[in-house]
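My questions all concern the structure below.
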Amino acid sequence: MKILKEGTKPEEWKLEIKCTGFGNSGGGCDALLEIGISDLVYYAGVSGDSWGSRDSAYSIKCISCGTCTDLKSEETPKKRLEYSLVRKAPAAWYHR
């Protein structure tokens, strides 16, 4: 492929978020982090009403303490292209 005329790059998705441990057992370290698409993982969840079940979530792992924090629904990327760039996480990803 050859570029005939440079286009404009879409604005990169980013968010400031505090490491809270939200959605994970245990608390976070309260570090303020700037995250981008490459920092997110999507966990499909485990259905059920018993111990071990978990809702689906977009999450980050803090680079300071290693705790996972789930994003609130209003914080997640909204554009289809952004969704496709998020890595899928296995259950083991949540363990340190």
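Throughout, read-outs are computed from the coordinates displayed, never taken from laboratory work. All figures in this text were calculated on a predicted structure; none of them were measured in a lab. Heads up, the Cβs are rebuilt from the backbone with ideal geometry, glycines too, and the neighbour counts pull from every protein chain shown.
Give me the distance in nm between label points sitting 7 Å out from Cα along the Cα-to-Cβ direction at GLU74 and VAL46, one decimal.
3.1 nm
Still on this model: Give the calculated FRET efficiency between ARG87 and LYS5 to the nearest 0.05, with a Förster radius of 25 Å applied to their Cβ-Cβ distance.
With R0 = 25 Å, the Cβ-Cβ based efficiency is 0.20.
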